[in-house]
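What follows is a set of notes on a single structure, which appears directly below.
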Amino acid sequence: MVLPLLALLLAWQPRYSTRGSAHPDGIRKWYFGRQIAHVMSHYGIGWLERTEREEEEKASLLLQNMQLRPGEVVADIGAGSGYHVVRMAPLVAPGGRVVGVDIQPEMLAYLRQQASQQRLTNVEAVLGSDTSVGLPPNSIDKMLLVDVYHELAYPWEMARSMWQALKPGGRLYLVEYRAEDPEVPIKPLHKMTEQQARTELEAAGFRFVTNVPNLPWQHCLVFEKASTPLSQ
């Protein structure tokens with residue numbers, strides 16, 4: 001079996017590196033030349049739930065991009081407050097469900113509260129870890145990551161875990177603020193270029209499908225679970 005070139009490179013050199021100087025907005029760890037950003041804590045729930053978020057990010061348009069259908073099982077990785085979870089849940093009913101995954105119990109508690117208040121019975125909250133989404137293999141139709149991938153402390157391990165959790169042909173929707181655009185008012189370490197995202201996810205076994213260029217500040221990058229797994 002012939003592995004992708006990037007996967008071969010990862011096989012013989014360290015996946016992560018550290019350096020003497022680091023930007024204070026990130027941890028002292030680099031992946032494919034990108035410094036990994038600090039995780040937003042649950043104290044940022046107010047910002048996640050801000051009233052102007054729809055105007056700034058067009059979450060409704062993002063969900064249209066995902067073409068959600070009744071009966072699908074969708075996972076929001078790094079779901080945070082559940083902003084997107086509660087909006088996706090009605091779109092996959094009846095028969096479908098939305099799984100919100102986060103590493104902070106406080107975020108999941110808020111998510112559960114929101115789902116309960118809105119009487120959403122097809123929402124599940126799952127506590128993940130730094131290296132795993134904590135979901136069964138081949139169980140997810142579509143996966144969403146909104147402004148979270150750049151904060152993953154172990155992006156390779158998490159990407160492989162996401163790959164395993166997706167069903168064959170399942171799709172991953174990666175939403176990140178555009179680093180190519182200096183007008184996007186977000187700190188540099190909390191943005192990503194399309195090329196950087198593709199480099200990292202293709203190295204983990206995903207196939208790039210398209211970039212849907214209709215969000216105001218963010219990329220909407222679509223990846224698919226490749227049919228042939230990597231050997232590591």
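Placing unit charges on C-beta atoms (Lys and Arg positive, Asp and Glu negative, everything else neutral), compute the dipole magnitude of the chain about its Cα centre in debye, rounded to 20. Write out the running numbers ahead of the final one.
Details: 23 positive and 25 negative charges, 110 e Å.
My answer is approximately 520 debye.
Among 106, 200, 176, whose mean-square fluctuation peaks in a Gaussian network model of the chain (Cα, cutoff 10 Å)?
Of 106, 200, 176, the most mobile in the Gaussian network model is 106.
Can you bin segment 100-232 into rounded, prolate or oblate? Criterion: square roots of the alpha carbon gyration tensor eigenvalues sorted a ≥ b ≥ c, rounded for a/c under 1.5, prolate for a/b above b/c, oblate for the rest. The partial results should precede the final answer.
Values: a/c = 1.66, a/b = 1.13, b/c = 1.47.
Oblate, because a/c is 1.5 or more while a/b does not exceed b/c.
What nm value, rounded to one decimal, do you get for the distance between residue 199 and residue 167 when each label is placed 7 Å out toward the C-beta?
Between residue 199 and residue 167, the label points sit 3.4 nm apart.
Can you give the Rg to Rh ratio of the chain, both from alpha-carbon atoms, with Rh computed by the Kirkwood formula?
Working: Rg = 17.0 Å, Rh = 18.0 Å.
Ratio value, two decimals: 0.94.
Please find, in a Gaussian network model of the chain (springs between Cα atoms separated by less than 10 Å), the residue of 194, 183, 57 whose mean-square fluctuation is greatest.
183
For the chain, with a Gaussian network of springs between Cα atoms less than 10 Å apart, report the residue from 45, 77, 140 with the top mean-square fluctuation.
Highest fluctuation of the listed residues: 45.
Kindly flag which residue pairs out of 29/187; 58/142; 187/225 have an alpha-carbon separation exceeding 23 Å in this structure. Intermediate results must be reported in sequence, preceding the final value.
On the way: 29/187 17 Å; 58/142 19 Å; 187/225 30 Å.
The answer is 187/225.
Where the centroid of each part is defined by its Cα atoms, how far is segment 83-113 from segment 160-232 in Å?
One Cα centre to the other: 21 Å.
Percent relative contact order of segment 39-225, based on C-alpha pairs within less than 8 angstrom and at least six residues apart?
Details: 375 pairs, mean separation 35.0, N = 187.
Relative contact order for segment 39-225 comes out at 19 percent.
I want to check the label-to-label distance for residue 118 and residue 23. Put each point 7 Å from Cα in the C-beta direction and report it in nm to one decimal.
3.2 nm
The numbers here are math on the coordinates, done by the rules we state, and not lab data. What you are looking at is a predicted structure, and each value in this text was computed from that prediction instead of being measured. A quick note on method: Cβ atoms are made from the backbone with ideal geometry, for glycine too, and the neighbour counts reach across all protein chains shown.
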